[in-house]
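Below: one structure, written as structure tokens.
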Amino acid sequence: MIDRERLADTFVTLCETDSPSRQEGKMAARLREILAPLAPEEVFEDESAGKTGSESGNLFFRFAGALAAEPVFFNCHLDTVQPGTGVRVRRRGDLFTSAGETILGSDDKSGIAALIEAMRVLREQKLPFRPVEYIFTTCEEIGLLGAKALDPAHIRARFGYALDSSGFGRVIIGAPAANRLRITVRGCAAHAGLHPEWGINAMILAARALAQAPDGRIDGETTVNFGTIRGGMASNIVPEEIYIEGEVRSHAEEKLVRLTDDIKGIFRNVVAQWQDKSGAARGRPDLDFVVEPDFPLMRLGADSRVIREIRRAGEHISLDLSLEVAGGGSDANIFNGYGLETAIIATGMTNVHSTEEQVELDDMVRLTELILALLTDEKIP
Ligand SMILES: [Zn+2]
């Protein structure tokens, strides 16, 4: 029932419709064009563009199904990472790569292509299916902005699946929570040759704190990273301000809180312990330590509805699914945070976020079969 070549064509068309984060307008228009003939009951774009700065809001397609079963949603993101402008797809046999110096965009267009093919099959074969919503988010790759700006009241289904993980046959049931740290250490500027004692060197204070802070893998479920630092004006000026960005991730909420507090304590102490050795400093150092919750914990039980249903669908098509815990954050974290149980399904894409990205047609076909099995199951437990 699945038309492999049609699926391949759709995939190539989507990949060759550029959609770097915030420039998802063309992709959104393309999806409206492709899905309109498949008779969605409702097409809806939310107001999130104002918050995300994208050309498009999040895009919802609702399909009324004839099966009297719980509605379900599928989610993919519209945007891609860079370099993602001017994508040309190369196909060798059934393997897709980018033809040039760009990414391919199978992250996440392999998932979108499978969703489109599934709906085409359902309509063509006039198969009864359960009510389903396709939710396409923007700006996933630059901080899950679309999902964060989404009003969950727009989603009717209570659970669903994000088609957005590499490899195949994997179902992600857990992902860490993360805090983003924005740290500003403030000292006092002074001429480094004429009046160094007037100054307070913010760079030295920041370095002291960073040298004491935990970093890298803390334990099996927790990591810390300091990723950017900037500040200072010139080698002859005592630096007044240093800005550092970092993050803490953990699969355990209490460790996330504790490590974040530890790091804050280290920066506070370093600033508090500063001593004015010459007695001439023009001020005292100061600290801004901003903790921004980035995404919440995701943890699904192996016997939760969302997992039971996908396993059953896998069994229908003789596909072994392995349940795994991942280290990254994605839209699914945000959806789970809204109280919508959301598992992540691998789409077959590999080497994502690189110019070596690739996907096999067979995997997208199998993914389409999995979606169809889930949507047409008449005896949902
Ligand atoms: Zn992705």
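From the phi angles alone, apply the Karplus equation (6.51, -1.76, 1.60; θ = phi - 60°) to the stretch 72-81 and give each ³J(HN,Hα) in whole Hz, x where the residue is Gly or Pro.
9, 10, 10, 10, 9, 9, 7, 8, 10, 7
Charges at C-beta only: +1 for Lys and Arg, -1 for Asp and Glu. How large is the resulting dipole of the stretch 251-346 about its Cα centre, in Debye rounded to 20?
Values: 12 positive and 16 negative charges, 74 e Å.
Here the stretch 251-346 has a charge dipole of around 360 debye.
Which of Gly227, Gly169, Gly328 moves most in a GNM of the chain, Cα contacts under 10 Å?
Looking only at Gly227, Gly169, Gly328, the largest GNM fluctuation is found for Gly227.
About the Cα centre, and with charges only on the beta carbon of Lys, Arg (+1) and Asp, Glu (-1), how big is the dipole of the stretch 60-142? Nearest 20 debye, please. Working shown, then result.
Details: 10 positive and 11 negative charges, 93 e Å.
Roughly 440 debye for the stretch 60-142.
Which value in deg cm²/dmol, rounded to the nearest 500, describes the helix-derived mean residue ellipticity at 222 nm for the chain, given -39,500 (n - 2.57) per DSSP H run of n ≥ 4 and division by the residue count? Numbers along the way, then the final one.
Working: 10 runs with 116 residues, N = 381.
One gets -9500 deg cm²/dmol as the mean residue ellipticity at 222 nm.
Of the candidates Met119, Met203, Met233, which one comes out as most mobile in a Gaussian network treatment of the chain with C-alpha springs shorter than 10 Å?
With Cα springs under 10 Å in the chain, the top fluctuation among Met119, Met203, Met233 is at Met233.
Mind checking the dipole of the stretch 153-246: about its Cα centre, +1 per Lys or Arg Cβ, -1 per Asp or Glu Cβ, Debye to the nearest 20? Intermediate values should be presented prior to the final figure.
Working: 9 positive and 8 negative charges, 93 e Å.
Dipole about the Cα centre, nearest 20: 440 debye.
Any of Lys255/Lys379; Lys26/Lys379; Lys126/Lys148; Lys255/Lys277; Lys51/Lys109; Lys148/Lys264 with alpha carbons more than 31 Å apart? Name them for me.
Values: Lys255/Lys379 42 Å; Lys26/Lys379 39 Å; Lys126/Lys148 36 Å; Lys255/Lys277 38 Å; Lys51/Lys109 24 Å; Lys148/Lys264 26 Å.
Cα-Cα > 31 Å for Lys255/Lys379; Lys26/Lys379; Lys126/Lys148; Lys255/Lys277; rest within.
When a/c reaches 1.5 or more, the comparison of a/b and b/c decides; with that in mind, is the stretch 315-381 rounded, prolate or oblate per its Cα gyration tensor? Intermediate values should be presented prior to the final figure.
Numbers: a/c = 2.27, a/b = 1.12, b/c = 2.03.
Because a/c hits 1.5 or more and a/b fails to exceed b/c, the stretch 315-381 counts as oblate.
For the chain, calculate the relative contact order in percent as a whole number, restricting contacts to Cα pairs under 8 Å that are 6 or more residues apart. Walk me through the numbers before you get to the answer.
Details: 884 pairs, mean separation 88.5, N = 381.
Rounded, it is 23 percent for the chain.
Tell me the label-point distance for the pair Thr13, His191, using the 7 Å Cα-to-Cβ offset, in nm and rounded to one decimal.
6.9
Classify the stretch 201-264 as rounded, prolate or oblate from the Cα gyration tensor: take a ≥ b ≥ c as the square roots of its eigenvalues, call it rounded if a/c is under 1.5, otherwise prolate when a/b beats b/c and oblate if not. Don't skip to the answer; put the middle values down first.
Numbers: a/c = 3.24, a/b = 2.91, b/c = 1.11.
Judged from the Cα gyration tensor, the stretch 201-264 comes out prolate (a/c at least 1.5, a/b above b/c).
Just to verify a number: FRET efficiency for Arg92 and Tyr243, C-beta to C-beta distance, R0 = 56 Å, to 0.05? If you can, show how the numbers build up before the last one.
Working: r = 46 Å, r/R0 = 0.83.
It comes to 0.75.
Over the stretch 315-367, what relative contact order in percent results from Cα pairs under 8 Å that are six or more residues apart?
Once normalised by length, the contact order is 20 percent.
Can you find, among His195, Val257, Ala178, the residue farthest towards the positive end of the dipole of the stretch 157-265? Put +1 on the C-beta of Lys and Arg, -1 on that of Asp and Glu.
Most positive-ward Cα: Ala178.
Calculated FRET efficiency, Lys26 and Gln212, Cβ-Cβ r, R0 45 Å, to nearest 0.05? Don't skip to the end; give the middle numbers.
On the way: r = 48 Å, r/R0 = 1.07.
Rounded to the nearest 0.05, the efficiency is 0.40.
How about the stretch 194-277: which trypsin sites (Lys or Arg not before Pro) there lie in a loop by DSSP and see at most 14 other Cβ atoms within 10 Å? If you can, show how the numbers build up before the last one.
Values: sites: Arg208, Arg217, Arg230, Arg249, Lys255, Arg258, Lys264, Arg268, Lys277; in loops: Lys277.
For trypsin sites (Lys or Arg not before Pro) across the stretch 194-277 that sit outside H, G, I, E and B with at most 14 neighbouring Cβ atoms in 10 Å, the list reads Lys277.
Suppose we keep just the DSSP beta bridges with both residues in the chain; what percent of those would be antiparallel, to 5? Spell out each step's value before the answer.
Values: 54 of 74 bridges.
Percent antiparallel among DSSP bridges in the chain is about 75.
Just Ile172, Ile310, Ile112 to compare: in a GNM of the chain, with alpha carbon springs under 10 Å, which one fluctuates most?
Judging by the Gaussian network model, the answer is Ile310.
Describe numerically, in nm with one decimal, the distance between label points set 7 Å from Cα along Cα→Cβ at Asp288 and at Lys379.
Inter-label distance under the simple model: 6.2 nm.
Relative contact order of the stretch 1-159, please, whole-number percent, based on alpha carbon pairs below 8 angstrom and at least 6 residues apart. Before the final figure, lay out each step's value.
Values: 306 pairs, mean separation 51.6, N = 159.
After rounding, I find 32 percent.
Can you order the peptides 40-52, 352-364 by their average number of other Cβ atoms within 10 Å per residue, highest first? The partial results should precede the final answer.
Working: 40-52: 16.2, 352-364: 18.9.
Result, highest mean first: 352-364, 40-52.
Of Gln125, Thr85, Leu67, whose Cα points farthest to the positive end of the dipole of the stretch 57-135 (charges on the beta-carbon: +1 Lys, Arg; -1 Asp, Glu; origin at the Cα centre)?
Checked the options; the winner is Gln125.
Which is farthest toward the positive dipole end of the chain among Gly105, Ser304, Leu145, measuring Cα position about the Cα centre, with Cβ charges +1 (Lys, Arg) and -1 (Asp, Glu)?
So the residue we want is Leu145.
Rounded, prolate or oblate: pick one for the chain, where a ≥ b ≥ c are the square roots of the eigenvalues of its C-alpha gyration tensor, a/c under 1.5 means rounded, and failing that, prolate if a/b is larger than b/c, else oblate. Please report the intermediate quantities before stating the final value.
Numbers: a/c = 2.63, a/b = 2.12, b/c = 1.24.
Prolate, since a/c reaches 1.5 and a/b exceeds b/c.
With each label point set 7 Å from Cα along the Cα-Cβ vector, what nm distance links Val257 and Gln125?
The two pseudo-label positions are separated by 4.9 nm.
Read the figures in this text as sums done on the coordinates, not as results from a lab. None of the values given here were measured: they were computed from a predicted structure. Backbone-built Cβ (ideal geometry, glycine too); neighbour counts: all protein chains shown.
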